[in-house]
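Enquirer: Have a look at the structure that comes next, please.
Only the coordinates and a few stated rules stand behind these numbers; no lab work does. None of these values were measured; they are calculated from a predicted model. Virtual Cβ from ideal backbone geometry, glycine too; neighbours counted across all protein chains shown.
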Amino acid sequence: MTVQAETLQGACAASGLEVSVVVPVYNAERHLAETIACVLAQQDVSLELIVVDDCSTDGSAACVQAAAAQDPRVRYVRMPANSGGPAGPRNHGVQAARGRWVALCDADDLWHPRKLRVQIDVAQRDGVDLVCSAIEDFADGVTPDLPSQSLPATLPSHPMTHWQMLLKNRIATSSVLCRREAMLVDGFDTAHELIAVEDYDFWLRMMERPGFRVARIAVPLVAYRRLAGSLSASKWRQARKVMRVSRRAAQRGGWSWAYPAAAPLILISYGCMSVYWRVLKGQL
């Protein structure tokens, strides 16, 4: 273990926090209070909630500050300037985190009340660095059933491989729980061309590290709110960005020469799996 890792581990132990939850926010007043409430309602886990405001112009700041006045676990952080996407605020939140684990949540998604406890237990049981889960879609304006559902006694999980991820991003950002030191190595890429796929790019880069292990829980622990104006709403634009991420992976992995032949397979796989999981199943 490096001196830096030892220092970080000691600081996390001293803080007594298991998880730092990072929520990037930009003009999310409409759903933010509900998301904050679901994070603070997590059971059997010590946590802090870091809400990173990317210079919102609505009432988001007041919403977070009101929650912080009621619960000392809430921390409000404002970015010095708008980042244009969630990558910068997420990086800022991870750097400010004091927990051993970092969980990510978007400002309009909801969690099962035992999400974090279940994920920590799976991570420790399986000896993995990142745990994600299945998610369920729900339409804006509809109350999802997920937060009140009981979980099975045994939660199935399986390893995720880099090659599986190249064919389809199966890691939903709001489902991620990851060791903090692993997320600090390089962070989310803030390049404008990666907005809406910066998470996919980051997962692939982490999974390229020797020994980095990912487990996916096959039971939905996150309710994903479908919004018409979301960054990933345009499927064709999203597909082009996904191909940009896979091309970068090919360059890093030294198989750029094979990318022209692999690209159609990746694109077809992305399209087919997107239709199956998001359109037909309403899950990821």
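Enquirer: Check which residues have an amide H placed less than 5 Å from Phe188's amide H, if you skip close sequence neighbours.
Expert: Asn91
Enquirer: Hey, any idea what Rg/Rh is for the chain, computing Rh the Kirkwood way over Cα pairs?
Expert: Radius of gyration over Kirkwood radius for the chain works out to 0.94.
Enquirer: Let me ask something additional. Helix by helix, which DSSP H runs in the chain go 15 Å or more along their axis at the Cα atoms and have an average Kyte-Doolittle hydropathy of -0.5 or more?
Expert: Helix filter hits for the chain: 3-15, 29-40, 60-70, 259-274.
Enquirer: Which shape class, rounded, prolate or oblate, goes with the range 15-76 when its Cα gyration tensor gives a ≥ b ≥ c as root eigenvalues, a/c under 1.5 marks rounded, and past that a/b bigger than b/c marks prolate?
Expert: Note, shape of the range 15-76 comes out prolate.
Enquirer: Net charge around Leu265, counting only other residues with Cβ within less than 14 Å of its Cβ (Lys, Arg = +1; Asp, Glu = -1)?
Expert: Net of charged neighbours comes to +2.
Enquirer: Suppose only helical runs count, i.e. DSSP H with n ≥ 4. What mean residue ellipticity at 222 nm does that imply for the chain under -39500 (n - 2.57) per run, divided by all residues and rounded to the nearest 500 deg cm²/dmol?
Expert: Counting only the DSSP helices, I get -12000 deg cm²/dmol.
Enquirer: Another question about this same structure. With a bin width of 10 angstrom, please list the P(r) values of the range 121-190 as percents of all Cα-Cα pairs, from the 0 bin to the one holding the largest distance.
Expert: 14, 41, 32, 12
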